[in-house]
Amino acid sequence: MLPLLTVTLALCAHLTTAAPVEAVQVAKSYQIRGVVAPIFHLYLQSLPSNSAVPVMGPESGAEMFQIGSTIQSDKSKLFLNIGAASTSYKPLSFGASGNTTAWGLEGDTIITTQGSSYGRQLNFLACARSGASGYYDVYLQTGSDTPSGQTCSNYQTLHLPCLC
């Protein structure tokens, strides 16, 4: 009986070991959306008044994105990049080059990959945009800091539509 138990435990230990997530280019373009309030069914897009500013906003302005180690808008051809910051929330911006090559997918969830300088991160911070009702600034969240004086919701995740 003991050899069977040893084999079973070894098999179970093998099955519970998670494989690393790799950045894989998705075959087509997708919208990127929030799934929890306050950004439930809001979509990643450029702020209408400034194409370099990524926001979560209404579906009518949703952009389609090519997703791999970089994230690129089909509409503007701009890339989603993570900016440097001393805080645990990192600003996002759209730029002409894909400086951030840390993006990946875990199922339908947008993440930064384990091997990147950010490590595996799947949480974002969404802050109501002052003067632009219905839009939220979005930051990569690597800790629990939030911008002073802003109304923010932490531990948000960003997803593709159903990959069924």
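The values are calculated or read from the model by the stated rules, or taken from the named source; none is laboratory data. This is a predicted model, so every value here is computed, not measured. Cβ placement follows ideal geometry from the backbone for every residue including glycine, while neighbour counts extend to all protein chains displayed.
Annotations for the structure displayed:
Here is a yes/no grid of residues against (1) of a type in the set (Lys, Arg); (2) under 10 Å from the mean Cα position of the chain (by Cα); (3) not in a strand (DSSP E or B):
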position	(1), (2), (3)
54	no, no, no
60	no, no, yes
63	no, no, yes
90	yes, no, no
99	no, no, yes
117	no, no, yes
126	no, no, no
130	no, no, yes
134	no, no, yes
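- Qualifying residues in region 31-59 (those that are touching a Gly at 6+ places or on another chain (Cβ under 9 Å), farther than 11 Å from residue 134 by Cβ and among the hydrophobic types (A, V, I, L, M, F, W, C)) - the one surrounded by the most Cβ atoms within 10 Å (Cβ to Cβ): 44
- Cβ-Cβ contacts under 8 Å between residues 6 or more apart (or on different chains), taken from a first residue in region 135-164 that is at positive phi to a second residue that is surrounded by 17 or more Cβ atoms within 10 Å (Cβ to Cβ) and in a loop (DSSP other than H, G, I, E, B), are listed as 155/123.
- Condition broken by residue 147, with the remaining ones in (1) part of a strand (DSSP E or B); (2) surrounded by fewer than 17 Cβ atoms within 10 Å (Cβ to Cβ); (3) not small (Gly, Ala, Ser) satisfied: (1)
- Within the option set 66, 45, being at pLDDT 95 or above and touching a helix residue (DSSP H, G or I) at 6+ places or on another chain (Cβ under 7 Å) holds for one residue only, 45.
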